[in-house]
Amino acid sequence: KHVVERAKGSEELKAPRDVAAHADAAEAALARPAEESAELISTAWEFARELAAEQEGDVSLVDLADLLMGEEGSLAAYASYALLESPVGKAHFRAKDLCTTFTPRDPADKDNLMAALEAERDKGAALEALRAAVAAAAEARSNWTPSGDGEEPPALDPASLGRVLRMAGLEEKFTALERLGCFARLADTAAGTGSNSQNAREVRAAKEVLEAAEAGDERASFAAARSFLKEGLGWGKATHEAARQVLESVGLWDKHENLDLIRLKVPTSFSAELVSMAEELSKEPPPDLDEARRRDLTAMRAFAVDDVETKEVDDAFSVEEIVDPVSGETRDRIWIHIADPTRFIALGSPLELEASKRRQTLYLPTGTVPMLPMALAAGACSLSGENKCALSAGCLLDASGELVVEDVVLCCSRVTVERLSYDQVDDILEAASSNDRAGGESDGDPERAGLLLRLLGAASRRLEWRKARGSTESLAPLQLPDQRVSAARDWGPASCPGGWSVAVEARGRPVGGGDGGGGGGSSGEGEGEATRSEEKPRAQRLVTEMMLLFGESVAEVGYAADVPMPYRSQERRAPRPGLTLEDEEAELLALPAGYPRTWHAITRMLHGSSVRPDPLPHDGLGLNAYVQATSPIRRYADLCVHYQLKARLRGGELPWPDSGPGNGLVKIGVEGPGPTRSVMRDADQYWVREHFRRTEGTQVEALGLTDKDDRSETQKVLLPSLGMVADYKGSKLLAIGETAQVSIRAFGHVE
């Protein structure tokens, strides 16, 4: 089957055994150690170059057999042919004439081919090492038991893994593997095996997203990852979950990795360039374009009320006593101060463009992903400390609490801000109220207490005015509790499986009693608490009303000045067929007071809010016009409103001049947080389900909110201690307003 030039004295091949003998000779030649063969071929190449130069032509296979094997027989020739057709042989020689003659390659060509061959060998070795490392890491992690002393499970060293991947040329393969793996939980849901697979709507949505990815932008990366899993890593399955397991086994991902962040390509860190830019702006701010117009309000004490852990302080407020020029009476002007990041970040700058991509600060159970680098967000821009730049609104209220629109003062300002926590303000106000009644001192800072009491008085008037206009509080004064979900790295106690501790609880102080409403199985104390005038803690009520007052002021000023704005509105739902609005309100008021009434007011009486280019009433808030503009450090849409307002205050060109349907600010407002819209909600849900899985069977108090839904065979209940609404499945349903002990189940419901 092979052409071999007959050497002197050789005989023609006559029998099958001669063919076998040639095959054995070739096998013996290839069985030599790789280094020995490479050296032999290299030596033959050097002599062959000299021979080719003497002959002025190619070198025959017989001559090469003499150089390689020391003889010219047919067996030696065939063994030499095998060596020359090996990768090293091909790097030194080019075959011609059906492999009967060979041309020695020139040195540069030979060196390049040998370098490529060496690199390919290194890749192969690296791939084998990676296969072994992945298998070993997976086995080690599966057999690992927490010691309780904080020791973390075994994982590949990231630096070493990075070197292996680079050597094997597998960075792109692992990137594809990440794209396949980040859809793992979504694939579980779509297949009906995930933790939220009992929700038909979520299953349907997961299938749609997965099908779009398979047929769209992810198609190529999915195919590459599946091929790599099977052929490169020798993994038995090439599924989304298999890719996730590989990445977890080598320590690149955690068991509870937030796959949504990866799937949606949400940036979780800033480039070194952006961090450096933010630090420079903090140390050396650019010229203040509003310096000449910036009002000095530092003489007034301004207060920022936030959670203790808040770092990005967006807002503060103060009160100023003025004399009415007409009546001569003293009045309080309420000032709301909002952080002024546009003082530092120019429209169109790299930091503004980065904020436009991020859309908002993400508050996740595992930590915060800021919209702006923290050197600005928690530093120069944050309203905490002395002589801080702000955008301020000075507001006068009439006796009923209505904003006197024509007297609104909107300006750039400088303020000095004192930080207080919600609990501190509640304590100060409680002490001030008690001591006022007793005629004693309020606390160690009576001036501060007096200012906060005046601000609270204005907030209370505002609330009553909004209720008179039909806000949600007019029918359901008690606010549903907020939920706090937190997850932290913890390899210590055995109660932290997977190296994470999880906490789910109601945020802040209890409001309205433990059961949140009367009726049913309550003792009656809940109803009395739920209908009292202080449904929301004073500090929270104060902050809420101040922020709404700023939003109304911006909307009214913008409308009066013909400045395009993203107005938020919300309509009351039309009454159900056969009922009037009064009938539905009567039905609502017939429900037990407290949380059940609030739930029905939110879910039955109002449409969702919308963003429009023209101001329409916000029925849920009881306002004629409203613009969201109080969080420019944390929300991109609010930041853009500030660019627009400050351009108007300067008398310059508006960044978004179109006031019609093409209003750019409306588009930004409608898009809101963009693709990250569901990231925070889904992260909370994931960790709540993880908490339920760990605490399955635990008894908690539940309050009935609705009747049974015949389609899902469940009813909505409030779990006050966890600050959440859950689905309840049980043989005995709860009456609306009734409380009972229920058991937590792993799939996110209670029984």
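What residue, of PRO107, PRO87, is over 25 Å from ALA23 (Cβ atoms) and either surrounded by fewer than 20 Cβ atoms within 10 Å (Cβ to Cβ) or basic (Lys, Arg) (or both)?
Residue meeting the stated conditions: PRO107.
Here is a yes/no grid of residues against (1) open to solvent by 40 Å² or more (accessible area, probe 1.4 Å); (2) under 29 Å from ILE345 (Cβ atoms):
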| position | (1), (2) |
| --- | --- |
| HIS240 | no, no |
| LEU252 | yes, no |
| ASP260 | no, yes |
| PHE270 | yes, yes |
| LEU281 | no, yes |
- Given the conditions (1) open to solvent by 50 Å² or more (accessible area, probe 1.4 Å); (2) modelled with pLDDT of 95 or more, every one holds for ASP340 apart from (1)
- Query: Within the set of pairs 6+ apart or on separate chains, which have a first residue in the range 402-426 that is under 19 Å from THR342 (Cα atoms), a second that is open to solvent by 20 Å² or more (accessible area, probe 1.4 Å) and of a type in the set (A, V, I, L, M), and C-beta atoms under 6 Å apart?
  - Reply: LEU410/VAL557
- Item | Checklist (1) under 23 Å from the mean Cα position of the chain (by Cα); (2) buried (at least 17 other Cβ atoms within 10 Å of the Cβ); (3) at pLDDT 85 or above applied to ALA224, failing item | (1)
- Here are some conditions: (1) under 27 Å from TRP687 (Cα atoms); (2) under 27 Å from the mean Cα position of the chain (by Cα); (3) modelled with pLDDT under 70. GLU139 meets all but one. Which one does it not meet? (2)
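Mind counting the residues in the range 707-727 that are open to solvent by less than 20 Å² (accessible area, probe 1.4 Å) and modelled with pLDDT of 85 or more? So that I can check it myself, show each step before the final result.
Here is the first cut: in the range 707-727, the residues open to solvent by less than 20 Å² (accessible area, probe 1.4 Å) are 714-715, 717-719, 722-723, 726.
Next, only the ones that are modelled with pLDDT of 85 or more stay: 715, 717-719, 722-723, 726.
Residues meeting the conditions: 7.
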- Item | Residue list for the range 90-104, restricted to those being open to solvent by less than 40 Å² (accessible area, probe 1.4 Å) and either in a helix (DSSP H, G or I) or charged (D, E, K, R) (or both) | ALA91, HIS92
- Query: Hey, ASP583 hits all of (1) at pLDDT below 90; (2) at positive phi but one; which does it fall short on?
  - Reply: (2)
- Task: Name the residue, out of ALA238, ALA243, ALA215, ALA223, that is touching a Gly at 6+ places or on another chain (Cβ under 6 Å) and more than 24 Å from ARG358 (Cα to Cα).
- Result: ALA243
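This table checks each residue for (1) open to solvent by 30 Å² or more (accessible area, probe 1.4 Å); (2) in contact with a helix residue (DSSP H, G or I) (Cβ under 6 Å, 6 or more places away or on another chain); (3) within 30 Å of ALA378 (Cβ to Cβ); (4) charged (D, E, K, R).
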site: GLY558; (1), (2), (3), (4): no, no, yes, no
site: LEU581; (1), (2), (3), (4): yes, no, no, no
site: TRP599; (1), (2), (3), (4): yes, no, no, no
site: GLY620; (1), (2), (3), (4): no, yes, no, no
site: ASN624; (1), (2), (3), (4): yes, no, no, no
site: THR630; (1), (2), (3), (4): no, yes, yes, no
site: ALA637; (1), (2), (3), (4): no, yes, yes, no
- Go through (1) modelled with pLDDT of 90 or more; (2) open to solvent by 70 Å² or more (accessible area, probe 1.4 Å) and name the single condition GLU71 misses. (1)
- Matching residues in the range 388-417 (farther than 26 Å from CYS640 by Cβ, open to solvent by 30 Å² or more (accessible area, probe 1.4 Å) and not hydroxyl-bearing (Ser, Thr, Tyr)) number 5
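Quick one: which residue in VAL666, VAL700 is under 30 Å from GLY551 (Cβ atoms) and of a type in the set (Val, Ile, Thr)? Before the answer, list the steps.
On the way: VAL700 fails: under 30 Å from GLY551 (Cβ atoms).
The unique qualifying residue is VAL666.
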- Query: When you scan the range 28-39, how many residues do you find that are surrounded by fewer than 18 Cβ atoms within 10 Å (Cβ to Cβ) and assigned to a helix (DSSP H, G or I)?
  - Reply: 6
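Out of the range 691-701, which residues are closer than 18 Å to ALA506 by Cβ and either assigned to a helix (DSSP H, G or I) or under 31 Å from the mean Cα position of the chain (by Cα) (or both)? Talk me through it step by step, then tell me what you get.
Of the range 691-701, the ones closer than 18 Å to ALA506 by Cβ are 691-692, 695, 698-701.
Correct list: HIS691, PHE692, THR695, THR698, VAL700.
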- Task: Could you tell me whether GLU671 is open to solvent by 50 Å² or more (accessible area, probe 1.4 Å) and acidic (Asp, Glu)?
- Result: yes
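So if I check each of GLY737, GLY730, which one is small (Gly, Ala, Ser), surrounded by fewer than 22 Cβ atoms within 10 Å (Cβ to Cβ) and in a loop (DSSP other than H, G, I, E, B)?
Being small (Gly, Ala, Ser), surrounded by fewer than 22 Cβ atoms within 10 Å (Cβ to Cβ) and in a loop (DSSP other than H, G, I, E, B) holds for just one of GLY737, GLY730, which is GLY730.
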- Message: Quick check on LEU180: is it in contact with a His (Cβ under 7 Å, 6 or more places away or on another chain) and farther than 30 Å from THR714 by Cβ?
- Response: yes
- Task: Pick out the one residue from LEU353, LEU347 that is hydrophobic (A, V, I, L, M, F, W, C) and touching a helix residue (DSSP H, G or I) at 6+ places or on another chain (Cβ under 9 Å).
- Result: LEU347
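The values are calculated or read from the model by the stated rules, or taken from the named source; none is laboratory data. Predicted model, so just to flag it, every value in this text is computed and none were measured. We place every Cβ from the backbone using ideal geometry, glycine too, and count neighbours over all the protein chains shown. Surface accessibility is based on the protein's heavy atoms, side chains included, excluding ligands, DNA and RNA. Shrake-Rupley method; radii C 1.70, N 1.55, O 1.52, S 1.80 Å.
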